[in-house]
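First the structure, in the form of structure tokens, and then the observations on it.
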Amino acid sequence: MMRTIIITFLVPFLLMSQDSTRVNESTSEENIALITMTGIIIPLALAGTVVSSLPPSVSIVSRDGREFGAYTIESGFGIGERRETGILSDWRLGLSYTFVIHSSVRDMFLAEVKKDFHFDFIDRRKIIMPGFHLSAGLFTDFPNEGYSVGAGAWVKTPWIGYFGFFPEHTYGITYRYNKFFGGKDFHQFSLGMTSAFTF
């Protein structure tokens, strides 16, 4: 993945630094246009990939004895060694945003680390792999902060690639126990999809 990014952004500069004996020299306007196109179109394409691969998960937030509906969008990146037929993570860093459908409850942002446990023996081809994860992280709803621990069960596949990236799509259910550093705690259940770009 990093190779793709480096090549994409270095190509214009490599083109400009070619041997000066070329017959058809490009003008400075052409160079500026090339750099601008690379700097704008590629990030837009990658951003479109992230958005298109992340439909929101349906969530329930249980807080102060009441339940609230919510939507959660989660992405991040992972690292792992399961690369025989694709890329599957052993560890993931997830970044998520939860929109709570109630005006009295603030939306939440969460950063967490997940440890994946794959059931390799079920599908040895590693096309669709079930498993579970444990997670721990920090969240904020501005201005309050707290910590989160959780677990989830899922199936995942790495078999869809975009622009040289290989998103690891995870479909499953997640439970999180959240507690503010000030003392109050609450629970969250999510059912849906997450995505990780795995190295």
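The values are calculated or read from the model by the stated rules, or taken from the named source; none is laboratory data. Just so it is clear, the model here is predicted, and its values are computed rather than measured. As a convention, Cβ positions derive from the backbone with ideal geometry for all residues, glycine included, and neighbour counts pool all protein chains shown.
Brief remarks on what is shown
- Count of the range 139-149 residues which are assigned to a strand (DSSP E or B) and surrounded by 14 or more Cβ atoms within 10 Å (Cβ to Cβ): 6
- In the range 169-199, the qualifying residues are those that are among the hydrophobic types (A, V, I, L, M, F, W, C) and within 16 Å of V113 (Cα to Cα), and the one that is surrounded by the fewest Cβ atoms within 10 Å (Cβ to Cβ) is F199.
- Members of the range 96-129 that are surrounded by fewer than 16 Cβ atoms within 10 Å (Cβ to Cβ) and in a strand (DSSP E or B): Y97, F99, F109, A111, V113, K115, F117
- Among (1) at pLDDT below 90; (2) surrounded by 12 or more Cβ atoms within 10 Å (Cβ to Cβ); (3) acidic (D, E) - the single one D64 does not satisfy: (2)
- When the range 81-116 is limited to residues that are closer than 20 Å to R176 by Cα, of a type outside the set (V, I, T) and over 16 Å from the mean Cα position of the chain (by Cα), the one that is modelled with the lowest pLDDT turns out to be H102.
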